[in-house]
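The values are calculated or read from the model by the stated rules, or taken from the named source; none is laboratory data. Model, not experiment: these values are computed from the prediction. Reconstructed Cβ throughout: ideal geometry from the backbone, glycine too, with neighbour counts over all protein chains shown.
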Amino acid sequence: MARQIINGNEALALGALSAGVKVVTGYPGTPSTRCLASLLALDLPQRHIEWSTNEKVALEIAAGAAWAGQRALCTMKMSGLNVAYDSLISIAYSGVVGGLVIYVADDPGVNAGMAEQDSRGFAIMADLPMLEPASPVEAYRLMQDAFELSEETGTPVFIRLVTAVANSKTVVDVEDYGLPPQREAQLIRDINRFTKAGAAICMQQHRDLIARLDKAGEWIAAHGLNELNLSAAPNGLGVVAAGVAIAYLDEGFELAERYGFDPQAVSLLKVRAVHPFPAAEARTLLEHCQTVLVLEELEPHIEKSLAAEAYRMNWQGRIIGKLDGTFSRVGAYDVRQVIEGLDRALGLSIPAEALQGYAAEQYAAARPITVCAGCPHRGTFMAINEALRKLRYRKDEVMVTGDIGCTILGMNPPFNTVWNEVSMGASIGLAQGYVHAGVKTPVIATMGDSTFFHAGIPGLINAIQHQVPLTLIIMDNGWTAMTGMQVNPGTCATFQGEGGQQIDIAKIVPALGVDHFYQMDPSDLRSSVEILKEAIQQPGVKVVLSRMECAIQFHRRGDNTELAVVDMEKCALCKLCITQTGCPALSIEEGELKIDPALCTGCSLCMAVCNLNAIHMERVK
Amino acid sequence: MNYDIYLVGVGGQGVLTIAELITEAAYLQGLPVNYYPTEGMAQRGGFVKAQVRLGRRFVGPNIPEKGADLAISMELSESLKAVRFLKPGGDFVLWGHIWLPTAAMLGKAPYPTLDTVRGQIERAGARLHYLDPHNLPLFQGELVPDNLYVLGAALGCSSLGKVLSVEAVKQAVRGRWQKAAERNLFALQAGMEALIEVEG
């Protein structure tokens, strides 16, 4: 046993080790990444940990291991669950042999810029139990419970964290884990369970699925994952809190006490297993209370189930939540919702200003994010813009579809190159749609290397099969960069780890049969512009592989050999270098152009755009 | 004692390092702590914030509006994003560094003046402790790390000094940088002794 300061992601990882997990797969995605990344940083003999090509593949690997009787964990962010869902439904209907836990991270309040979806809805659709810890301490314990629950009821189990719990660090008591328990891999041939051959099998699997969820509900009740505490006196207020909302109760009660609130008079249902709905506890609470306050972030899933129970019981009280308009379905919760809910339920007359700070952020400067100093994507965006200008197109008449990852930063100033963003690999499909819609100007799709491997390849194959005239620019920086530098299939062999092999995009794309394939070095602006100009003008499917390693990795290893230096006598302070590159290493200080040597990686783009030769490169080693 | 700290700045300034040192020091003191960083774009010169909640064994990660006892800001404009979360009468430690966004640098977008920021902090009823970035001291001929200096200042001038022991913070610094401990401890000490303009 050791006390450690760890976050929710790390607590899940260590909980899984302690539960004897054998196989861990996943795809990086904020805020879930750290769970699997923290395992890769450890020396874990007799266990297999990997970043998979995408979440669907990751889940299938984990399910295969669980069907062979081992314990397996699969990690992803909410968008990744959307990718994995096709397989997930099928696996849910089959059930599992060894324990299978799927960790999904949701992001209420949108700290990481994707859809604010509530993945609890997926647990409902798949009839799978879902546990939601309210803190890293609970995450550690509930991960172990999840494996027990999964194995004892034969069902995959979800664990859901929200960003605030996934990224919160606190002190957790962690047990030693050692080696995973020795289990022989089993081969079970049972087509009734493991295939979907025919209506009889599928409908029986549906019955079994529902039965397993019922059994899971019994297991959850028997192990007390949800906590019900009734007040001494009946007909008072009941509070149902789920997931992270539980963590705000004490603080909210304490604040409300100043306005005459009595915490002893409240009945509490803390829901840590958010699916299946704890119907028995809910009925007891409803029987005991006249008003029930429901605290849950995003969608009113628990509230709706509670309302259904209330209807069945012919309960005549009042439910305060989202359905009555008290709370929003948008954004993260904090103690404010506890206070507002108590105020609404009990008429405490808490003044609005008690919860309202003085707003000053309207005076703050806007700080749009851009690519890092030395980022290879900067050269690609600049080259696209310049190539289109030279081909005499206005920016607003050429569609450049965007994709997920650092490459989307091309939507921002100073580039304003990319128009849209949907999901991993979607840029190439979207581009085909624009062509079929009758767009007469060139259509360009952009995506990164990891995105190409993840879900871009089927879209490209489709474009080739149907001979759709467009230009795909694959911006290959060698890493899954935006989530913090994970290895992907294209990462250089040196970093693939033991037994890993690099797959070269420059071999895949020509093999698919594209009409024209080009490679460019985005730090060489002039030749990149020429290559893009030619590619855009060619008929058929054109792919341009823009290849240069991520500057962060390059810089970290100290591999840069040159720095950009200003010649002040030549610099007329025209600021063209800043307006064209938007490089964070460039600034104007006290009337002089400055290049921060700590940030500069020697990409030379500022030198390339300077008309006065006022910037030159100097060797640093 | 419950004590909440709201930290803001720009990615690359070491804001999260301040929060991590506070977290580690609290742990060493046996004080319950929850540290919640928001670092989505930290590498890219974007807005960074961190919330440290001390004293409660089980606590929600987000500090409510008007909830923080102390705000620490490493960047003038970003300070404004912390104002809403500060308790009236709370301490606001402001390192007046200016990190201009490109548009502001080119004169195409506004950037707040020190007077504006000062005025907003005062209107929120906070006690402002302003640190002039020009006063950063040298250690062996080089400027000391500004984030350690700011942490030192917060310990020296604000209520943080009543919650965290200086020894625990120093121990956290030593634990993090075996080689550069001396330089960082010097920065911390210099911050604690910094002459600070107190207002409000």
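For the reader, a short list of remarks on this structure follows.
- Within the stretch B:110-200, helices (runs of 4 or more DSSP H) holding 2 or more residues that are touching a helix residue (DSSP H, G or I) at 6+ places or on another chain (Cβ under 6 Å) and under 30 Å from B:Gln29 (Cβ atoms): B:146-157, B:160-163, B:166-176, B:181-192
- Scanning the stretch A:441-456 for residues that are closer than 14 Å to A:Cys550 by Cα and not in a helix (DSSP H, G or I) yields a single hit, A:Gly448.
- Test: residue in the stretch A:588-609 that is outside the structural domain of A:Val443 (by TED's automatic domain parsing), in contact (Cβ under 8 Å) with a residue 24 or more places away in the chain and at positive phi: yes
- Considering (1) within 9 Å of another protein chain (Cβ to nearest Cβ); (2) aliphatic (A, V, I, L, M); (3) over 29 Å from A:Cys550 (Cβ atoms); (4) without any contact (Cβ under 8 Å) to a residue 24 or more places away in the chain, the lone condition that B:Leu80 does not fulfil carries the number (4).
- Residue satisfying condition, being surrounded by fewer than 17 Cβ atoms within 10 Å (Cβ to Cβ) and either assigned by TED's automatic domain parsing to the domain that holds A:Val96 or in contact with a Cys (Cβ under 7 Å, 6 or more places away or on another chain) (or both), within set A:Arg258, A:Arg189: A:Arg189
- A residue that is at the interface with another protein chain (Cβ under 10 Å from one of its Cβ atoms), of a type in the set (S, T, N, Q) and not in a strand (DSSP E or B) occurs nowhere in the stretch B:45-54.
- Any hit, the stretch A:486-493, residues being more than 22 Å from the chain's Cα centre (by Cα) and modelled with pLDDT under 95: yes
- Test: residue in the stretch B:7-22 that is of a type in the set (Asp, Glu), at pLDDT 95 or above and surrounded by 21 or more Cβ atoms within 10 Å (Cβ to Cβ): no
- Given (1) assigned to a helix (DSSP H, G or I); (2) out of contact with any strand residue (DSSP E or B) (no Cβ under 8 Å at 6 or more places or on another chain); (3) within 22 Å of B:Pro88 (Cβ to Cβ), number of the condition A:Glu309 does not satisfy: (3)
- Checking A:Gly459, A:Gly438, A:Gly429 one by one, the residue that is part of a helix (DSSP H, G or I) and either over 30 Å from A:Ala37 (Cα atoms) or more than 28 Å from the chain's Cα centre (by Cα) (or both) is A:Gly429 and no other.
- Inside the stretch A:555-576, residues that are buried (at least 17 other Cβ atoms within 10 Å of the Cβ) and within 11 Å of chain B (Cβ to nearest Cβ) make up a count of 1.
- In the stretch A:428-442, the count of residues that are surrounded by 24 or more Cβ atoms within 10 Å (Cβ to Cβ) and closer than 16 Å to A:Asn54 by Cβ is one or more.
- Given (1) out of contact with any Pro (no Cβ under 7 Å at 6 or more places or on another chain); (2) surrounded by fewer than 20 Cβ atoms within 10 Å (Cβ to Cβ); (3) assigned to a loop (DSSP other than H, G, I, E, B); (4) modelled with pLDDT of 95 or more, index of the condition A:Leu225 fails: (2)
- Considering (1) in contact with a Gly (Cβ under 9 Å, 6 or more places away or on another chain); (2) polar (S, T, N, Q); (3) not in a loop (DSSP other than H, G, I, E, B), the lone condition that A:Gln186 does not fulfil carries the number (3).
- Tally, over the stretch A:548-583, of residues that are at pLDDT 90 or above, assigned to a loop (DSSP other than H, G, I, E, B) and within 19 Å of A:Pro376 (Cα to Cα): 5
- Residue, nearest to A:Asp449 (Cα to Cα), within the stretch A:504-541, restricted to residues that are of a type in the set (A, V, I, L, M) and surrounded by fewer than 16 Cβ atoms within 10 Å (Cβ to Cβ): A:Ala506
- Those residues of the stretch A:153-183 which are surrounded by fewer than 14 Cβ atoms within 10 Å (Cβ to Cβ), at negative phi and not in a strand (DSSP E or B), in sequence order: A:Glu175, A:Asp176, A:Leu179, A:Pro181, A:Gln182, A:Arg183
- With respect to (1) in a strand (DSSP E or B); (2) more than 10 Å from chain A (Cβ to nearest Cβ); (3) touching a helix residue (DSSP H, G or I) at 6+ places or on another chain (Cβ under 6 Å), the lone exception for B:Asp91 is condition (3).
- Within the stretch A:103-113, restricting attention to residues that are in contact with a Lys or Arg (Cβ under 7 Å, 6 or more places away or on another chain) and either among the hydrophobic types (A, V, I, L, M, F, W, C) or not in a strand (DSSP E or B) (or both), the residue that is surrounded by the fewest Cβ atoms within 10 Å (Cβ to Cβ) is A:Val104.
Table: residues versus (1) without any contact (Cβ under 8 Å) to a residue 12 or more places away in the chain; (2) away from every other protein chain (no Cβ under 14 Å); (3) farther than 27 Å from B:Met105 by Cα.
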| site | (1), (2), (3) |
| --- | --- |
| A:Ala373 | no, no, no |
| A:His377 | no, no, no |
| A:Thr380 | no, yes, no |
| A:Lys390 | no, yes, yes |
| A:Tyr393 | no, yes, yes |
| A:Val400 | no, yes, yes |
| A:Ile408 | no, no, no |
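- Candidates in the stretch A:84-102 are the residues that are out of contact with any strand residue (DSSP E or B) (no Cβ under 8 Å at 6 or more places or on another chain) and part of a loop (DSSP other than H, G, I, E, B); of these, the one that is nearest to the other protein chains (Cβ to nearest Cβ) is A:Val96.
Condition check ((1) within 15 Å of the chain's Cα centre (by Cα); (2) surrounded by 14 or more Cβ atoms within 10 Å (Cβ to Cβ)) across all residues:
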residue: B:Thr116; (1), (2): no, yes
residue: B:Gln140; (1), (2): no, no
residue: B:Asn147; (1), (2): yes, yes
residue: B:Gly152; (1), (2): yes, yes
residue: B:Trp177; (1), (2): no, yes
residue: B:Arg183; (1), (2): no, yes
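- Failed criterion for B:Ala104 (all others in (1) more than 9 Å from chain A (Cβ to nearest Cβ); (2) free of Cβ contacts under 8 Å to residues at least 24 places away in the same chain; (3) assigned to a helix (DSSP H, G or I) hold): (1)
- Annotation note: of A:Val543, A:Val509, the sole residue that is farther than 30 Å from A:His616 by Cβ, in contact with a strand residue (DSSP E or B) (Cβ under 6 Å, 6 or more places away or on another chain) and part of a helix (DSSP H, G or I) is A:Val509.
- Boolean, A:Ile320 is away from every other protein chain (no Cβ under 11 Å) and either in contact with an Asp or Glu (Cβ under 8 Å, 6 or more places away or on another chain) or exposed (fewer than 15 other Cβ atoms within 10 Å of the Cβ) (or both): no
- Top-ranked residue in the stretch A:331-368 [being among the hydroxyl-bearing types (Ser, Thr, Tyr) and assigned to a loop (DSSP other than H, G, I, E, B); ranked as nearest to A:Phe261 (Cα to Cα)]: A:Ser349
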